[in-house]
Amino acid sequence: MKLDANLASVHAYLCADGYVIKNPKDQKFNYYHIGFRNTNEVLLKDFQIKFEKIFGIKPHLVLGERCRIGSKQIYEKLTNSFGSFYSWHWKMPEMDENLSKLWLKSYYDCDGWVTCKSHKNRHIGLDSVNEHGLIQIKNSLEKLGIKSKIKKRNDRNIFSLMIFGKDNLVNFSKNIGFLHPDKNNKLNESINDFINYYWNFPTEKDKLVNFIRKLIFNKGRINKSNRIFRLISNKEDNLINLKNELNKLFNIECKINKRKNGIGTIYFELNINRREELKKLIDNNLLNKEQRKWLNLKK
């Protein structure tokens, strides 16, 4: 069988939550069953539509339960082309990157989950008894720039594949995603739960000036002993952008220094210490009342 977008998705559905079976040899009555078990209506209908496009026949749909059909011809086509679909034996077919994305999407729609414990634990997970299959998935994710880890469960003979970190979750969302609506919402919630430490500088001048003013009002500090203005960030790019904008908009010169606190954490500090540059902060209304007080410079 020629693997296309529909077949890649149907194959993944069958590997994850499906079955392609026939009767045992010792039974007189012959049957050949192909089915997809799932409670989600969106996935069941997606399987039904794609299956019909491939084989020209619509499987019977029982909403909230399964989508199934009996056919010796389809059974033989699937097993002759792809081998076993049993939980321990399924394999990812050889596919190009685009088909691999579709296969992964359908597989994760069935067996994947998303955990979001705010600011503590945000990840995408998979469990399977098929270690070799998970290794194939891990390698496919790696090609898409998504890092993951496989670990054997202590309590059962099951392997877990986990995806952690905002960059990996964002890459998963962009390259694979979920058709399952609840899982898709949970993934977006997990991504949005990460704190964004980068400052988004507006492009319009008026908005940019107001953004810089609020930034300095809220984050800027005056060293009371030597009257040096400083502003701290854990991202150097934030201060480089601020330094460039201060110079371009207000002709204010400043310096950026790399620092390390008592527990070894690296941070960055923007300093303004020359009297004439500090006065420009006041002249351009970039300091609040308390900051001007500690500088002890007239506006």
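Where a number appears in this text, it was derived from the coordinates with a stated rule and is not lab data. Keep in mind it's a predicted model, so treat the numbers as computed, not measured. Heads up, the Cβs are rebuilt from the backbone with ideal geometry, glycines too, and the neighbour counts pull from every protein chain shown.
May I ask for the angle, rounded to the nearest 10°, between helix 205-219 and the longest principal axis of the chain, with both axes built from Cα atoms and the value confined to 0 to 90°?
Once rounded, one gets 80 degrees.
Would you order 148, 84 from fewest to most other beta-carbon atoms within 10 Å of each residue's own beta-carbon?
Least to most surrounded, the residues fall as 84, 148.
Give me the net charge of residue 59's neighbourhood, meaning all other residues with Cβ under 13 Å from the Cβ of residue 59; Lys, Arg count +1, Asp, Glu -1.
Computed value for this residue: +4.
Find out how many positive minus negative residues lie around residue 182, taking Lys and Arg as positive, Asp and Glu as negative, among other residues whose Cβ is under 11 Å from that of residue 182.
Overall, the nearby charge balance is 0.
Any chance you could give the angle, 0 to 90 degrees and rounded to 10, that helix 72-82 forms with the longest Cα principal axis of the chain?
Tilt relative to the chain: about 50 degrees.
Name the residue, out of 241, 175, 226, whose mean-square fluctuation peaks in a Gaussian network model built on the chain with Cα pairs under 10 Å.
Highest fluctuation of the listed residues: 226.
Are there any trypsin sites (Lys or Arg not before Pro) in region 87-191 that are in a DSSP loop and have at most 12 other Cβ atoms within 10 Å? List them by number.
120, 153, 156
With 10 angstrom as the radius, rank 159, 29 by how many other C-beta atoms surround their C-beta, starting from the fewest.
The order, fewest Cβ neighbours first, is 29, 159.
Just going by the charge dipole of the chain, with Lys and Arg at +1 and Asp and Glu at -1 on Cβ, which of 278, 132, 42 is farthest out on the positive end?
278
When a footprinting reagent is the concern and you count Cβ atoms within 10 Å, what order do 103, 294, 90 take, fewest first?
Listing 103, 294, 90 from fewest to most nearby Cβ atoms yields 294, 90, 103.
I need the Kirkwood Rh of the chain: take the reciprocal of the average 1/r across all distinct C-alpha pairs and report it in angstrom.
In the chain this quantity evaluates to 23.6 Å.
Give me the angle, in degrees from 0 to 90, between the Cα long axis of helix 97-111 and the longest principal axis of the Cα atoms of the chain, rounded to the nearest 10.
With rounding to tens, the tilt is 80 degrees.
What number results when the radius of gyration of region 205-295, computed over Cα atoms, is divided by 2.2 N^0.38 Å?
That works out to 1.05 for region 205-295.
Rg to Rh ratio, region 96-203, alpha-carbon atoms and Kirkwood radius?
Over the Cα atoms of region 96-203, Rg/Rh equals 1.00.
Under the rule that an exposed site lies in a DSSP loop and has at most 11 other Cβ atoms within 10 Å, name the longest stretch of the chain with no GluC sites (Glu not before Pro) of that kind, not counting the sites themselves. Kindly include the intermediate steps, with their values, before the conclusion.
On the way: sites that count: 94, 204.
So the longest stretch without any such site is 95-203.
Under the rule of -39500 (n - 2.57) per DSSP H run of 4 or more residues, summed and divided by the residues of the chain, what mean residue ellipticity at 222 nm is obtained, to the nearest 500 deg cm²/dmol? Don't skip to the end; give the middle numbers.
On the way: 11 runs with 136 residues, N = 299.
It lands at -14000 deg cm²/dmol.
For the pairs 105/151; 235/260; 151/186; 258/280; 205/243; 224/293, flag any whose C-alpha to C-alpha distance is greater than 18 Å.
Details: 105/151 21 Å; 235/260 13 Å; 151/186 23 Å; 258/280 24 Å; 205/243 16 Å; 224/293 10 Å.
Long pairs (Cα-Cα over 18 Å): 105/151; 151/186; 258/280.
Among all the aspartates and glutamates, which ones have a C-alpha under 12 Å from residue 147's C-alpha, if same-chain residues fewer than 8 places away are not counted?
Result set, ordered by chain and number: 167.
Run the numbers on the chain and let me know its relative contact order in percent, using alpha-carbon pairs under 8 Å that are six or more apart.
Values: 456 pairs, mean separation 35.5, N = 299.
With pairs under 8 Å counted, the relative contact order is 12 percent.
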